[in-house]
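Report on one structure; see the data block that follows.
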Amino acid sequence: MTQTAPDPAPLPSETLAVLIVGAGFSGIAMGIRCLQEGIGPFLIVDKGDGIGGTWHENTYPGAACDIPSHLYSLSFAPKSDWSRLYPRQPEIAAYLRETVAAKGLGPHLHLGTRVDAAVWDEAEGLWRVETDRGPLRARALVSGMGALHHPAIPAIPGRDDFAGKSFHSASWDHGCDLRGKRIGVIGTGASAIQFVPLIAPEADRLVLFQRTPPWVMPKHDRPMSARETSAFRRLPLARWLFRQRLFWIHELRALLGFTKVSKLTAQAESLARHHLRKAVPDKALRDRLTPRYRLGCKRVLVSDDYYPALTRPNVALESGGIARITPAGIVMQDGTEHPLDVLIYATGFDVGASLSRVRTVGRGGLALSQAWRDGVGAFQGITVSGFPNLFLLMGPNTGLGHNSMIVMIEAQVEHAIGCLKALRKAGAKAIEVRPEAQARFLAEVRAKLADSIWTTGGCTSWYLDAQGRNTTLWPGSVLAYLRGARRPRLRDYRLS
Ligand code: N01
């Protein structure tokens, strides 16, 4: 289970070298690298009451990573004894807590501290930050806030009238006993497909409300063998090779051109259809579970127990449109009524909310929301012209569907560290990306995205903004990103 931290200490009054917002993978990675490079004083603050960000908050049954943990972990904090290929949330959250302890990050951490605003003070060359526990000052500000933590609960008519218990998958109500209950689950994304197979056996009846079926591939999860674990402990090279192998298996998809509809798309679709056929003998059910858009347009899911769960006698897939929620349950557009005791929203996150909830004002009083009024974007997804000494981790257009985000995060951390070292070396106060470098980068990214599968594949998804632009995903291989982002080129920046 998660661990709650004691009351936080008073916030420091000195000017920090770096303020890191968020104690998830990104913030922890940044903190470790600051320690290693002797950059300080620095602080990591997090609005939550525990370490781990999304891996602290998402505690729903079966929560797990769909990238193997030997790859979905920090390269500079390796762990030899992952219990499974795809460990579950408690093990990942424990890994992050252990890493914080082992690297001595504890004294730099202030949990239960929410950042509300950050304003660049041009005269002093620092960020003035407002938190719910008082002000902070920092030369550099690093956002490790992630994007997937403001639950999106759709405004279905009657939503607030439901008389039973209801909650979002990201704020799971562990006090709610699901045994023998009639449970409704709205949504069939990465979260739902992980917890539905675990809660279905307990339910009297489970109705899964599907709007769009996902493409689901086999997961092939397995325990790590004692031999593997012992080899990884004794031979760090063996562990490193295993990680490399996993990286290349995932990266191959990008190198084969997964960003466009291709022969590979059709082959992957036939594999996914085979996976569905093997698990679901009922042709009518299979039909409703078969996506009508190209594989890769939405995030491709992996699971070995999702389809079998849907064949249980106490599970029903409802693929019609929801008309309204009533005190007693859900009424469909065709008039069918589903009486429910518990309603679980597995409806994803408000991806735009993360950065916009923190009022960020850069040089000349320019708000980030203003700078982004014609579209969200950052140089390498990390720095924004007009916002000196601000570094975004997991920023715009750096998300991945095909490989480990941790590799991307580490590159972004190295980029920020490189900029901070350049500042220190030059004795300068501020480093800011040149507008022409940012414009060139964004033009390249947008050109690559123009005819990508995310816009041409026949679906809509949270990858796209209200104008249909993809501002979340990186349109290429991780290798290409590492080449451009890992080491900042000073000609792209202005020091002052
Ligand atoms: O959310 P989602 P999630 N009426 O947005 C449906 C990460 N993650 O929490 O497809 C009816 O994917 C919506 O339907 P549609 C991962 O990056 C990672 O599952 O829009 N249905 C969809 O089915 C992932 O992508 C792991 O038609 C409505 C579902 O709700 C991200 O988190 C594990 C609706 C939302 O799916 C989010 O995943 C879990 C409405 N009004 C999550 N509104 C790993 O393993 C929405 N839906 C790393």
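The values are calculated or read from the model by the stated rules, or taken from the named source; none is laboratory data. On a predicted model such as this, the values are computed, not experimentally measured, just so you know. Glycine also receives a Cβ, built like all others from the backbone with ideal geometry; neighbour counts cover every protein chain displayed. These accessible areas exclude ligands, DNA and RNA; they are computed on the full protein's heavy atoms, side chains included. Shrake-Rupley method; radii C 1.70, N 1.55, O 1.52, S 1.80 Å.
Quick notes on this one:
- The set of residues from the stretch 109-148 being open to solvent by less than 30 Å² (accessible area, probe 1.4 Å) and within 16 Å of the ligand (Cβ to nearest atom) comprises just one member, 146.
- Boolean, residue 235 is open to solvent by 70 Å² or more (accessible area, probe 1.4 Å) and either more than 23 Å from residue 352 (Cβ to Cβ) or within 16 Å of the ligand (Cβ to nearest atom) (or both): yes
- Residue in the stretch 257-292 that is nearest to residue 211 (Cα to Cα), counting only those that are over 26 Å from the mean Cα position of the chain (by Cα) and among the acidic types (Asp, Glu): 287
- Which listed residue, of 246, 276, 237, 289, is among the aliphatic types (A, V, I, L, M), in contact with a His (Cβ under 8 Å, 6 or more places away or on another chain) and not assigned by TED's automatic domain parsing to the domain that holds residue 73: 246
- Of everything listed in (1) open to solvent by 10 Å² or more (accessible area, probe 1.4 Å); (2) touching a residue at least 24 places away in the same chain (Cβ under 8 Å); (3) more than 20 Å from the chain's Cα centre (by Cα), the single unmet condition for residue 370 is (2).
- Checked against (1) part of a loop (DSSP other than H, G, I, E, B); (2) without any contact (Cβ under 8 Å) to a residue 60 or more places away in the chain; (3) within 18 Å of residue 222 (Cβ to Cβ); (4) open to solvent by less than 10 Å² (accessible area, probe 1.4 Å), residue 52 meets all criteria but (3).
- When 264, 206, 271, 246 are screened for being within 16 Å of the ligand (Cβ to nearest atom) and assigned to a helix (DSSP H, G or I), only 246 passes.
- Within the stretch 454-480, the set of residues being more than 14 Å from the ligand (Cβ to nearest atom), surrounded by fewer than 18 Cβ atoms within 10 Å (Cβ to Cβ) and over 25 Å from residue 373 (Cα atoms) comprises 479, 480.
- Residue check for residue 99: under 22 Å from residue 42 (Cα atoms), in contact (Cβ under 8 Å) with a residue 12 or more places away in the chain and part of a loop (DSSP other than H, G, I, E, B): no
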